[in-house]
1. Counting other Cβ atoms within 10 Å, keep those with at most 10, restrict to DSSP loop, and tell me which trypsin sites (Lys or Arg not before Pro) in segment 79-133 are left.
2. In nanometres, what is the gap between the two model label sites at L43 and E94, each 7 Å from Cα along Cα-to-Cβ?
3. How much length is gained on full extension from R112 to D16, taking 0.36 nm per residue of separation minus their Cα-Cα distance?
4. Given the chain, what whole percent of its Cα pairs are spread farther than 17 Å?
5. Would you mind getting the accessible area per residue of the chain, heavy atoms of the protein chains only, 1.4 Å probe, in Å²?
6. Only helical DSSP H runs with n ≥ 4 go in: add -39500 (n - 2.57) per run for the chain, normalise by residue count and round the 222 nm mean residue ellipticity to 500 deg cm²/dmol.
7. Using R₀ = 35 Å, calculate the FRET efficiency as 1/(1 + (r/R₀)^6) where r is the Cβ-Cβ separation of V104 and T34; round to 0.05.
8. Suppose every K and R has +1 on its Cβ and every D and E has -1 on its Cβ; what is the size of the dipole of the chain about the Cα centre, in Debye to the nearest 20?
Amino acid sequence: MTTAAVIFDLDGVLVDSEPLWREGFRAALDVIATSLGTTAPALSDDDLRQYEGGRVPDTVATLASAVFDGEVAPETLSAAVAVAIETASRLFAEDPRPITASVVTASELHARGFRLGVASSSAPEFLHTVLDH
């Protein structure tokens, strides 16, 4: 006998994470700005929406080249990525943002015997924080 399974995406399906990632990217830009001896520009939510859906390291690197003149050292980018992930994870832990309809659907499927899974290209620290909550 085969057991049916359903795999849910994390970001934007199970949780409303984009506002959290925008805050994480702002924090990452602050790290980069500090390393360059400058201040990060104030980016609005609209400014950051064009970066939604990408992997965190790629997004931080793309934002860094779009916002700052010159090259950013790899260790600074790594530190900025870590801060973005930590910020989004901390904010989710403080104020979880589940998408109710998806969570209810998952619960109903589980109750009916479906195996459930989560697929995500999100940072493992963020993924674990979400699943813990």
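The values are calculated or read from the model by the stated rules, or taken from the named source; none is laboratory data. Nothing here was measured: the structure is a model prediction, and the numbers come from that model. Heads up, the Cβs are rebuilt from the backbone with ideal geometry, glycines too, and the neighbour counts pull from every protein chain shown. These accessible areas exclude ligands, DNA and RNA; they are computed on the full protein's heavy atoms, side chains included. Shrake-Rupley method; radii C 1.70, N 1.55, O 1.52, S 1.80 Å.
1. Those that pass, being in a loop and sparsely packed, are R112.
2. 2.0
3. 32.0 nm
4. 60
5. 57
6. -18500 deg cm²/dmol
7. FRET efficiency, V104 to T34: 0.25.
8. Using Cβ point charges on Lys, Arg, Asp and Glu, the chain gives about 480 debye.
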